């Protein structure tokens, strides 16, 4: 009798666990498969860019001791590992295994792989503020992508919003405006185009999967690209792995890879799915303001122009979406 009761209780427990897991996967399945929603899309874009901006101060600390290729290799490995774990938890292993990995990896190699590496080299050759300044021009690339294939008309209001967004971003860093017209600038501009192309292609080229799935498989492509670069440069002796990592460096690496890349990009792709890559990219011009906010919290001085610049960006984002 006792053995039968024990078997019955275990059977009921397994059924409850199975139902809970099934319910969890049902609730999370399709995460990021959203319809157009301007309010939600703009809110998610705001969150994405704030998290993205947190990576600039962290990268500045890490680049003092890490080579850009070494840093990007470990950054992408940590980011992809985080995304895979989240994806399995939200949608289940079956969804992960049946995803269009090959197509997503191709997008990731050509877009995020080249783009993220160029961005890091740009900061290595310049500084965080200069990179954030040049990022103000990224919406131009995003607008070109949508206008080129007929998804957006270049109206007066949208053009005005685009100009206002760029102007606001420039004003936000005007105190420290000094650009070295060299390789760093070219790399920053090119990285923006590649990143916007891949973000747009992640949504339009992979419409049947969720945003976390898009983020994971495309960033896997970026990781493949960076792994090849890392292996080649390491084999030739041009770079090396740091002999020791301090607690502060590890903390900044987590911010740079998990928060500013993995989590930020999920929000960014969902925003692109909701309001398009052009409108989402306008939020990038809040980045200089967010960088200064973060640096202020770390003890740096505050600049009123950052608030003025952010206000103009906000006006531009609003104007660009008026029908």
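Derivation of every value follows stated rules applied to the coordinates shown; laboratory data play no part. Just so we're clear, the structure is a prediction, and the values are computed from it rather than from any experiment. As a convention, Cβ positions derive from the backbone with ideal geometry for all residues, glycine included, and neighbour counts pool all protein chains shown.
Numbers at a glance
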| item | result |
| --- | --- |
| Highest average packing first - 113-119, 315-321, 267-273, 231-237, Cβ atoms within 10 Å | 267-273, 113-119, 315-321, 231-237 |
| Directionally averaged shadow of the stretch 255-312, computed from the convex hull of its alpha-carbon atoms, nm² | 4.5 nm² |
| Overall dimensions of the stretch 212-275 by Cα: Rg and Dmax, Å | 15.1, 45 |
| Shape of the stretch 218-323, Cα gyration tensor, a/c cut at 1.5 | oblate |
| Rg/Rh for the stretch 107-150, where both radii come from Cα atoms and Rh is the Kirkwood radius | 1.06 |
